[in-house]
Amino acid sequence: MFGLTPFNRQAVQRSNNGFVDFYHVMDDFFNNDLLSLRDFKYDTFKVDIKEDANGYAIEAEMPGVKKEDIAIDYQNDQLIIAVQRKEEMNDEKDQYIHRERRMASMQRAISLKDVKVDGITAKLEEGILKINIPKEEVPKAKRLIEIQ
């Protein structure tokens, strides 16, 4: 029994390392073609991104957000979804010592290429923002090479 060695000693050692989460973040950053950048100055919201031959479909959780508070912009190959929500409350009788629920700023930037910008549509239904983004047809370069 003393002659047995662990099958994958390196994996066992790595699992005890305090930097595992950092390694995963770095791996995701460098290995993800459809990188979803987060701006950590703001709260963020969860998004699902699907792709097929015709385009992209994005669903973002927006509970309690009105469509007037959402801005969607596409520039420099990035779809930017921003939320600026502020509720005016005149609760003079209530003496809050801390409030977080009345104001929110959230932003996500999602890298997408070959987008047909004029065809982007968005709809907010039951707290879910649905964005459909058609792909622009990129002609395949075809050229006959002459042999000399």
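The numbers here are math on the coordinates, done by the rules we state, and not lab data. What you are looking at is a predicted structure, and each value in this text was computed from that prediction instead of being measured. Ideal geometry is used to build each Cβ from the backbone, glycine not excepted, and the neighbour counts take in all protein chains shown.
Here are a few things to note about the model shown:
- Annotation: amide H of K116 within the under-5 Å range of K135, E136, sequence separation 5 or more or interchain, hydrogens built in the peptide plane.
- Ranking A104, L129, P139 by Cα position along the charge dipole of the stretch 102-142, where only Lys, Arg, Asp and Glu carry charges on their C-beta atoms, puts P139 farthest toward the positive end.
- Vicinal HN-Hα couplings computed from phi for the stretch 127-135 (Karplus, 6.51 cos²θ - 1.76 cosθ + 1.60; Hz; Gly/Pro x): x, 10, 8, 10, 10, 10, 10, x, 8
- Amide H contacts under 5 Å for I128, placed H, 5+ residues apart: M62
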